[in-house]
Amino acid sequence: MSKEIVITGASGWLGRETIAKLGYANYRLNLFSSKRSTLNIGGNEFLFDTLENLDLSKKYEGFIHLAHRTMDAVKQLGQANYVYENLEITAKAAKAIEITRPNWVVVVSSGAIYQPLSQEITLDLDVNPYGFGKRIEELVFKDVCTISGSNLVIGRLWNTSGRFMIPNKAYAISDFIQSALKNRSINIQANHDVFRKYVDAGQFMDILIQLAQRKNNTVLNSGGYMAEIGEVAKLVSEKIGLTSILRPAYNGSPASNYFSNDNTFNLTAKKLGVHLLSLGEQIDLTLLGHREQLG
């Protein structure tokens, strides 16, 4: 008998990565999104429903929570409505967990909950409504999993890549790929070093799910391959070809570092037998996905 897993926010690109990882295993996936729809992922059609239609009488093996409005929705909704919608999403999912009591829960949070320099957790709603919502989400799920007896793994995602990444200029890898595919120059705005750690989204989700299934209650910051943004641009340019890179002269400013100083993720991947993809391999997958989506 197949084990049933609930995935909220399943039609987003992290959801698609998760479906691609779990869709061919011995699981029955219950997929939920903001509206009822179907979506082709890897050549297979998947049905998405709204969370209101989740069968609360069932016992689920796992519950993967990915639903959260992204930062670009703030301008569209206004800050108050943006915060309210995310709190409402969190509350609905938490209530479902409290009632169904799944064996394990995975929640994807974000490095945005930290202050950039000190890496201390912040709850500054006015400055960082996205990070505020993600931190509240963490606290709510911690409480509800204590009540439900569910094992909880929280993954804080900093920088990522992947085949199902939806093209978005807000992500450097995606921006560079889109520019190169359109035979435009890759334009780096920063006149100082910009360092990030990149991990494939599918591998990130795989590690979180493995930890949850092994009953490891934990909070894990993403890690991966460390790179300066110029290295990312150079690799994209080499893979697509005939693409120049434009960048202003360095001005001596301190480097911009957006990654966790915690190295637990890479060590955990090694223990679980997950060989983390190199930056080049990550760009290959992201490029493949962008070509599929952009035509």
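The values are calculated or read from the model by the stated rules, or taken from the named source; none is laboratory data. Bear in mind the structure is a predicted one, so any value in this text is a computation, not a measurement. Note that we place each Cβ from the backbone using ideal geometry, even for glycine, and neighbour counts take in every protein chain shown.
Overview of values
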read-out: Filtered residues of segment 143-177 (kept if under 19 Å from the mean Cα position of the chain (by Cα) and more than 30 Å from Leu235 (Cβ to Cβ)); value: Leu152, Val153, Ile154
read-out: Failed item, numbered, when Arg69 is tested on (1) surrounded by 13 or more Cβ atoms within 10 Å (Cβ to Cβ); (2) at pLDDT below 85; (3) farther than 25 Å from Asp143 by Cβ; value: (3)
read-out: Some residue of segment 120-128 being closer than 27 Å to Tyr258 by Cβ, under 17 Å from the mean Cα position of the chain (by Cα) and either β-branched (Val, Ile, Thr) or not assigned by TED's automatic domain parsing to the domain that holds Val153 (or both); value: no
read-out: All positions within segment 111-139 that are at pLDDT below 85, small (Gly, Ala, Ser) and in contact with a Gly (Cβ under 9 Å, 6 or more places away or on another chain); value: none
read-out: Residue in segment 31-52 that is within 28 Å of Gln293 (Cα to Cα), assigned by TED's automatic domain parsing to the domain that holds Leu152, assigned to a helix (DSSP H, G or I) and in contact with a strand residue (DSSP E or B) (Cβ under 9 Å, 6 or more places away or on another chain) present; value: yes
read-out: Residue count, segment 237-253 (criterion: over 28 Å from the mean Cα position of the chain (by Cα) and assigned to a strand (DSSP E or B)); value: 1
read-out: Condition broken by His275, with the remaining ones in (1) exposed (fewer than 14 other Cβ atoms within 10 Å of the Cβ); (2) at pLDDT below 95; (3) not in a helix (DSSP H, G or I) satisfied; value: (2)
read-out: Answer residue from segment 92-118, given it is within 21 Å of the chain's Cα centre (by Cα) and more than 24 Å from Asn216 (Cα to Cα) and is surrounded by the most Cβ atoms within 10 Å (Cβ to Cβ) among those; value: Lys92
read-out: Subset of segment 94-119 [assigned to a strand (DSSP E or B) and touching a helix residue (DSSP H, G or I) at 6+ places or on another chain (Cβ under 7 Å)]; value: Trp104, Val105, Val106, Val107, Val108, Ser109, Ser110
read-out: Residue in segment 161-173 that is more than 20 Å from Gly202 (Cβ to Cβ), modelled with pLDDT of 95 or more, part of a strand (DSSP E or B) and of a type in the set (S, T, N, Q) present; value: no
read-out: Every residue from segment 21-45 that is within 10 Å of Ile5 (Cβ to Cβ) and without any contact (Cβ under 8 Å) to a residue 24 or more places away in the chain; value: Ala25
